[in-house]
Amino acid sequence: MKIKFKPENTNKARNIRFIVYFVSAIVLSVANLTVINYISVEGLMPDLTLILCVLIAVREGQFVGVFAGFLIGLIFDFLSPEAVIGTGALTKTVVGLIAGWFHREKKTDFIIGSYRFLLIVLFSSIVHNAIYFFMYVKSSELMFMPFFLKYGIAISLYTTVFAVFPMMLKMPKKGYL
Amino acid sequence: MRKFFDFIERYKEYFAFTALIVISLSLISVGDISKMGGFRSFVIGSVGRLQEFSSFMPYNALLVSENRSMRELNLENSFEITKMRRALIENNKLRDLMTLKDHKDYVYISADVVGKSTIGLINFNTLNRGKQDSIKVGMAVRNDLGLIGRIVGVSDSYSLVELIVNKDIKIAAKIQNSRIDGVLEWVGGRKFKLKNIPKSYGVVVGDTVLTSSYSNKYPAELPIGIVRAAFEKPGDIFQRVEVEPFAEFANLELVFIINFISNPEREAVISDMDEKLRIRQSKARRRR
């Protein structure tokens, strides 16, 4: 007899999920600062922590999403030597809020497993990069729009490509019994 | 009161969002990366060690961009080296010219070669100096290395110099060390022949050949070239001496016109004697 454990609704399962999110946030932040350099294209790198942030917000809702975004951003700010602490926290909080709008109770796996998830990641990433580059450009002589169009959009697209992996994990399997 | 809590409960996401944004902005405003606390220093140090650990993996994009940068730098350096070499050559040339001016016995008028032409196998160069610069027909021309030729035509602003690489030109020359006199003739390419040197005279390869004071066309003691070979031919009373000119006639740029014309009285005596000899020779031919 096969026992199927479904921890979705228990507090313990919820706590385990949050611990997994926290560990994932640290691992992905470190990965973003180390090994992701090796897949950078013309200096552009995907933002893996943003995908995690969107995933949590879509899965857990807007309220958890904004806190998750804040904490993920803060972790990344702490780990990143160049970052001004608070910038990542601010932008990822916004991402948590935006992605949280697309949260639907009992439909989370369906949303993550569909192309919608990619669109949510793309949209969130564009807003995230717009805010991030606005703050970045503010202290320099760079023009915001050309800089954002050149780097912000490209990074958003590259990040969206990586969002395919969680989407595929949640995609409904066909042809298997 | 209950309504207030309901309101907060209803819009808790936005209240949380606002609070977190305020906290983030506060962190940004007080955040100064130059003042890293102990914990952050430790974290960044640990991440740095991880980055160092992961750096053993070859990073293709970085290598490509580094390679491109190196190539660009190499190209720039190559341009710089070419410029520096050119400057060095120019510097040496100018130094030679300065030395030349220091040791001059004549007045030199510098001129640029502005044109080159060949008329009936005779090579001419056009110089940007003319009558306005006191240039006269008959003046000798040299560069920093040695004798070049002689002015054969002058206009107001330009002059024409006939190069010594010309079969019709004969130059009274002498070997600097041994003071042996001879007549120098161009035999083609970068080769001259020093004629009328008796076999008994010792000619050393490497000796410098100068213009002789016997010359009525060129000032004395002007360097012409260097002895490259000296050998005897059976049945000939003179030895064959080959001379290589100092000057590179193919790439003349800056030359000096020597403000010197041989003494007119001497010229007159020589031309008078030439005339008398020609008349005597023609009379002798008629008698025969």
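The values are calculated or read from the model by the stated rules, or taken from the named source; none is laboratory data. Computed from a prediction, not measured in an experiment: that's the story for all the values here. Please note: Cβ atoms are built from the backbone with ideal geometry, for glycine as well, and neighbour counts cover all protein chains shown. These area figures cover heavy atoms from the full protein model, side chains too; ligands, DNA and RNA do not enter into them. Shrake-Rupley method; radii C 1.70, N 1.55, O 1.52, S 1.80 Å.
GNM on chain A, alpha-carbon springs under 10 angstrom: the most fluctuating residue among A:Met145, A:Met167, A:Met45 is A:Met145.
Would you work out what percent of the accessible area of chain A, with all protein chains in place, is carbon or sulfur (probe 1.4 Å)? Provide the component values of the computation, followed by the final result.
Details: 6940 of 9980 Å².
C and S fraction of accessible area: 70 percent.
Only aspartates and glutamates eight or more places from B:Lys136 in sequence, or on another chain, were considered; those with a Cα closer than 12 Å are B:Asp156.
Could you pull out the pairs from B:Lys83/B:Lys131; B:Lys116/B:Lys217; B:Lys93/B:Lys193; B:Lys93/B:Lys131; B:Lys116/B:Lys199 whose alpha carbons sit more than 31 Å apart here? Display every interim value, and only then the final one.
Values: B:Lys83/B:Lys131 36 Å; B:Lys116/B:Lys217 22 Å; B:Lys93/B:Lys193 28 Å; B:Lys93/B:Lys131 27 Å; B:Lys116/B:Lys199 39 Å.
Cα-Cα > 31 Å for B:Lys83/B:Lys131; B:Lys116/B:Lys199; rest within.
Summarising the label geometry, the points placed 7 Å from Cα in the beta-carbon direction at B:Ile169 and A:Ala31 lie 8.3 nm from one another.
GNM remark for chain A: springs join alpha carbons under 10 Å apart, and the peak mean-square fluctuation among A:Phe147, A:Phe102, A:Phe67 falls on A:Phe147. Going 7 Å from the Cα of B:Ser155 along its beta-carbon direction, which residues of the stretch B:125-143 have the amide nitrogen within less than 13 Å of the resulting point? Flagged as within label range: B:126-132.
Give me the extension gain from B:Thr82 to B:Arg286: residue separation times 0.36 nm, minus the current Cα-Cα distance, reported in nm with one decimal.
Gain in length upon complete extension: 66.7 nm.
Distance between the 7 Å Cα→Cβ label points at B:Tyr201 and B:Val183: 1.3 nm. Restriction of the trypsin sites (Lys or Arg not before Pro) in the stretch A:61-144 to DSSP coil positions whose beta-carbon has at most 13 other beta-carbons within 10 angstrom yields A:Arg104, A:Lys106, A:Lys107. Answer rounded, prolate or oblate for the stretch B:245-288, using the Cα gyration tensor with square roots of eigenvalues a ≥ b ≥ c: rounded when a/c is under 1.5, else prolate when a/b is larger than b/c, else oblate. Here the stretch B:245-288 falls in the oblate category.
Using the Cα gyration tensor of the stretch B:183-288, with a ≥ b ≥ c the square roots of its eigenvalues, what is the shape: rounded (a/c below 1.5), prolate (a/b larger than b/c) or oblate (neither)?
Values: a/c = 2.25, a/b = 1.23, b/c = 1.83.
Here the stretch B:183-288 falls in the oblate category.
Cα to Cα, under 17 Å, and not fewer than 8 places away if on the same chain: which aspartates and glutamates meet these conditions relative to A:Lys107? List returned: A:Glu8, A:Glu60. Summed over the residues of the protein assembly as shown and divided among them, the accessible surface reaches 62 Å² per residue at a probe radius of 1.4 Å.
Once every DSSP H run of n ≥ 4 in chain A is given -39500 (n - 2.57) and the sum is divided by its residues, what mean residue ellipticity at 222 nm do you get, rounded to the nearest 500 deg cm²/dmol?
Working: 9 runs with 118 residues, N = 177.
The per-residue figure over chain A is -21000 deg cm²/dmol.
Tell me, what is a quarter of the convex hull surface for the C-alpha atoms of the stretch B:127-217, in nm² with one decimal? For the stretch B:127-217, the mean projected area of the Cα convex hull comes to 6.7 nm². The B-A contact accounts for roughly 2600 square angstrom of buried accessible surface, both chains included, probe 1.4 angstrom. Both the radius of gyration and Dmax for chain A are 16.8, 68 Å, in that order, over alpha-carbon atoms. For chain A, a Gaussian network of Cα nodes joined below 10 Å ranks A:Pro46, A:Pro146, A:Pro166 by mean-square fluctuation, and the top entry is A:Pro146. Using heavy atoms of the protein chains and a probe of 1.4 Å, the accessible area assigned to B:Leu27 is about 50 Å².
Which order do the peptides B:209-217, A:35-43, B:146-154 come out in when sorted by mean C-beta neighbours inside 10 angstrom, highest first?
Working: B:209-217: 19.0, A:35-43: 13.9, B:146-154: 21.3.
Highest-to-lowest ranking by the protection proxy: B:146-154, B:209-217, A:35-43.
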